[in-house]
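Structure record follows, encoded as structure tokens.
The values are calculated or read from the model by the stated rules, or taken from the named source; none is laboratory data. Just so you know, these numbers come straight off a predicted model, no measurement behind them. All Cβ positions, glycine included, derive from the backbone under ideal geometry; neighbour counts span all protein chains shown. The protein model used for the area step is the full one, side chains on, heavy atoms only, and it has no ligands, DNA or RNA in it. Shrake-Rupley method; radii C 1.70, N 1.55, O 1.52, S 1.80 Å.
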Amino acid sequence: MTIDWVGIEAKWREKWDESKEFEIEPNEKEKKFVTVAYPYPNSPQHIGHGRTYTLADVHSRYLRMKGYNVLFPMGFHYTGTPILGMAKRVENNDSELIEGLKKLYDVPEGKIREFIDPVRIADYFHEEIKAGMIEMGYSIDWRREFTTIDRGYQKFIEWQIGKLKENNLIIQGSHPVGWCPNDQNPVSQHDTQGDVEPDFTEYILIKFRLGEEIIPTATLRPETIFGVTNLWINPETSYKRIEVNGEKWITSSECAYKLSFQNKDVQVIEEIRGSELVGKKVSFPNRDDVIILPASFVQSYTGTGIVMSVPAHAPYDYQALKDLKADSNEKVRKETEGIDPIPIIHTQGFGEIPSEEIIEKFGITNQLDPKLEDATKELYNKEFYEGSLKENTFQFYNKKVSEVKDQIKDWLEQRGNSDKLLEMTNSPVRCRCGTECVVKILNNQWFLDYGNKSWKEKAVKCFEKMGILPPEISSEFNYVVGWLKERACARQQGLGTKLPWDKDWIVESLSDSVIYMAYYIISRYVNDKLIFAENLSDQFFDYVFLGIGDSKSVSESTKIDQKTIDQIRSDFRYFYPVDSRHSGRDLVPNHLAFFVMNHVAIFPEDLWPKEIVVNGSVLMEGKKMSKSMGNIIPLRKAIREFGADPIRLAIVISAELLQDADFNMDSVNSIKNKLESLMYECKKYQRVEINNLEPEDSWILTKLQALVRDTTESIERMRLREALHHVLFEFESSLHWYQKRTSAKKRENIDGILHKILSTRVVILSPFAPHIAEEMWEKLGNTGFASQTKWPSYEGDNFDLSSIQSEELLKSIIDDISNILNVTKMTPSKIIIYTADDFKTKTYHAILEAIVNGQTNMGQIMKELIANPETQEVKKNPDFVQKTIKDVLSEPMTLRNSKLRIQNFDEKNLIKNELTSLVKNDFGVEITVYSESDPEIYDPKNKAHTARPFKPAILIE
Ligand SMILES: [Zn+2]
């Protein structure tokens, strides 16, 4: 049987729509406000995008069934430059882009021509993404939808950014930023290929003198200046003579280019080959005759393309010097004569020349060996934390490296012997336009003062108070906040909102997307034309969000009627704060951190976000999804092919939160099969009254309670993979046993029980696979929506524990009989079972109690048993005690506890009443049951005395 997924899903979406199921207004219930980072519409959604939204939707649907009034809204983020760049490429007839739009995304030809207008691009993909979200069955309140270039939203952003400025959290100054020289715009993660955040480090430039000229070398270790033996230059590379703020410098071409973005006036004079500089001698205060030598490891794109050599402490330098000293060319060898490492740092555990030792340790043989990188790192770390300077460092003698670094930096700077160079640490970072980004010092720019200490402290407090799922990601947030520094918050290009006080600038995309969840409360009124963007003033937002002022005067100044203002304020008070924020892991270091930073800056503590849920990305058949791999499947296409529910489940079941989810066709197909067989079951049973529970009925209903409990607990921790596993698969073996028991008894009155089981399973499946769950619910003859059904409750301690114990015993006896028959290959004519007597049962409980209380020592347990007159007879049977201890220890804790609670357990009667039909069914014979102390016992093989509680003895004839 196959299911018409598309038909069924459309049917239920229409019904939800008619019932206005997800249009959420404040009511008497407790609320939950669940949000996801809104999408940036520059392409359609693919399966990978589906993950975060699906997880948030499952979460929302679950909370709704738990009885909360759950608001789950959605907006669209138009802000920024990527769409602008795309429009330009369309205008220039970029064939690669246009082919991609046509082939990969199925954009109609006529539409593409409109794409020279960036807003048309955003609008097109906005509708595309929205249609996909609807088709996925996301329970979104679409009445609250907006885009970030809507006038109302812009008013809101003007208020937000004004508020930050008012609180002195926006400053004007000069700070380094990642920069696209082509777009003349700062870049951050959203603007780069592969979504990387530009990251940079400040190097110190040490100015060596070559006559009139300066040869700068970049270093992170200014203290090693005292150990310099020579400079390295790459003879094969071309360098530039440049004028830098009036001085004459020589650097690599790349360095000259980088310097020109860092507040330096750079004029290129002429080119010069590296080889021309080899053999020249430079000087430095206290030092003359520092020779420039050739080295192939020197790269023109790092630093200045010229390196100072400190062979005693830098493994690269040591190895390069060693290589030169062994050169076949005699002239080269001669130049190195008399150049020997100058040790300047003493570190415990190292001898005179640490780099020599570490090179030996790593087994390095030449200067192009990649292991040099690790050797360098290890030695740098050791010397930084544990090293101190030697006598030959003059006034810095005996100081610790970690403490002296800044002093030496100042000392160099004050004498005009140094400068600075900012390097991109994770280069190359490419802008979406294809240009390689640089570090630029931006002057008189508007910055968010994310480096502000008291601001950070507030954010840390918020992170400490909030729930973070999964918990292991918490430390990452602390790390990110620790490293946050000033961040440019405005751009000169792109879609968005102008800075209210400086209209040449546009608020950038990671700054206008931080507290927008508050705007969902207002957007619904704007969309319904109950209020108009023109009327939204700072005073209005102050009142609605912060309770500043009063509605009467806000009404007077904004011309919005007072009742509406009061209504909006009360909506906001009801829905805020955000109860759960879902997002991908890539947004931890930026969006999620800024989301918290901005909330704590603008809102009082009771409105700070309460939870963040972070998920990993999605792989396709084990590989990263990318355009170049050609393995991107647009979400809507996949829905048409597989149905939305199978995709939802395949995404959820493949990984827990932080792991990467592997989407593959096998899992989609196996899920489809599973749902189809469940559907088939649902058609078979109708609601029938259940009365007179047989033992196996109590047992399966207890198992059902356990299923609900386990599923609930997993969802509460957002372990959705585990939860879905419970719902779909883990109940099968229980059902199998139940069917075995009931068919052995030839029962025909179990439809009611099976209906109840299926209905419960369908209800807890509903948040995951909402469409098909409604269809199953209907087929089961239930009324209303599965998605509106109350989440089943479970009573922690009211499970029928004795039923679990009984069925476990029956299962184990059946297993034992099969094993004996397998081993002996006999055909049974008679099976006799002996149960333990009362004395053993009493003793068993004493042993069980001792073990549950933590006593597992056989001797100790024996002592206690003998000390008790009730059990002292046991001294005649130490073997029984030993075996029983083993029995108990091999059982799970839960079973031990439940056995302890159920003291009176009539094993003999249970076996008599319940095992007979099973044995008859499985092995075709009757059983006889004795207690080992029965007077009329039939025990030809003298087996009865080996019986133990829950381990009856078995005789097969
Ligand atoms: Zn660019």
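Give me the mean projected area, in nm² to one decimal, of the convex hull enclosing the Cα positions of segment 825-882.
Numbers: hull surface 23.1 nm².
Averaged projected hull area, Cα only: 5.8 nm².
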Given the Cα atoms of segment 729-860, and with Rh set as the inverse mean 1/r over their pairs in the Kirkwood sense, what is Rg to Rh to two decimals? 1.11
Between the residues Y105, N168, M65, the Cα farthest towards the positive end of the dipole of segment 57-185, that dipole coming from +1 and -1 charges on the beta-carbon of Lys, Arg, Asp and Glu, is from M65
Semi-axes of the equivalent ellipsoid for segment 148-249, Cα gyration tensor, largest first, Å: 43, 18, 15
If you rank E807, E99 by how much accessible surface each has, with a 1.4 Å probe, what is the order from largest down? E99, E807
Rounded to whole Å and ordered largest first, report the semi-axes of the equivalent ellipsoid of segment 714-783 derived from its Cα gyration tensor (root of 5λ). 25, 17, 7
List, in the order given, every pair from K461/K552; K322/K420; K322/K361; K248/K377; K29/K683 whose Cα-Cα distance in the structure shown is over 27 Å. K461/K552; K322/K420; K248/K377; K29/K683
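Would you mind classifying segment 1-160 by shape? Square roots of the alpha carbon gyration tensor eigenvalues, ordered a ≥ b ≥ c; an a/c under 1.5 is rounded, otherwise it is prolate if a/b is larger than b/c and oblate if not.
Oblate, since a/c reaches 1.5 and b/c is not below a/b.
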Just report the Cα centroid separation between segment 519-591 and segment 825-852, whole Å. 70
Compare the Cα positions of I954, S296, P216 along the charge dipole of the chain (+1 at Cβ of Lys, Arg; -1 at Cβ of Asp, Glu; about the Cα centre) and return the one farthest towards the positive end. I954
In whole angstrom, and with the biggest value first, how far do the Cα coordinates of segment 222-317 range along each principal axis? 35, 27, 21
Loop-resident sites, segment 738-796, for GluC sites (Glu not before Pro), counting at most 11 other Cβ within 10 Å (DSSP): E748, E795
Can you tell me how segment 562-716 classifies by the Cα gyration tensor, rounded, prolate or oblate, using a/c under 1.5 as the rounded cut? oblate
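DSSP loop (so not H, G, I, E, B), at most 15 other Cβ within 10 Å: list which GluC sites (Glu not before Pro) in segment 639-742 pass both filters.
Details: sites: E641, E656, E676, E681, E689, E696, E713, E716, E722, E730, E732; in loops: E656, E689.
Counting only loop positions with at most 15 other Cβ atoms within 10 Å, the GluC sites (Glu not before Pro) in segment 639-742 are E689.
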For every helix of n ≥ 4 consecutive DSSP H residues, a contribution of -39,500 (n - 2.57) applies; sum these over the chain, divide by its total residues, and give [θ] at 222 nm rounded to the nearest 500 deg cm²/dmol. -13500 deg cm²/dmol
Computed over the Cα atoms of segment 475-547, what is the convex hull's projected area averaged over all directions, in nm²? 7.2
Could you give the accessible area per residue of the chain, probe 1.4 Å, as a whole number in Å²? 43
Taking the alpha-carbon centroid of each part, what is the distance from segment 898-944 to segment 153-185 in angstrom? 80
I'd like the distance between the alpha-carbon centres of segment 488-509 and segment 234-291, rounded to an integer number of Å. 38
Which percent of the Cα-Cα distances in the chain go past 58 Å? 34
In whole Å, what three semi-axes, largest first, describe the equivalent ellipsoid of segment 305-444 built from its Cα gyration tensor (square root of 5 times each eigenvalue)? 29, 24, 17
Segment 1-55: trypsin sites (Lys or Arg not before Pro) falling in loop per DSSP and having at most 16 other Cβ within 10 Å: K20, K29
How about K908: which lysines have a C-alpha closer than 18 Å to its C-alpha, ignoring those fewer than 8 places off in the same chain? K811, K830, K840, K842, K899, K920, K943, K951
Roughly to the nearest percent, how much of the accessible area of the chain is carbon and sulfur, given a 1.4 Å probe? 47
How big is D, in µm² s⁻¹, for segment 88-139 by Stokes-Einstein at 10 °C and 1.306 mPa s if Rh is the Kirkwood radius over C-alpha pairs? 135
How big is the charge dipole of the chain about its Cα centre, in debye rounded to the nearest 20, if each Lys and Arg gets +1 on its Cβ and each Asp and Glu gets -1 on its Cβ? 780
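If the only charges are +1 at each Lys and Arg Cβ and -1 at each Asp and Glu Cβ, what is the size of the charge dipole of segment 529-587 around the Cα centre, to the nearest 20 debye?
160
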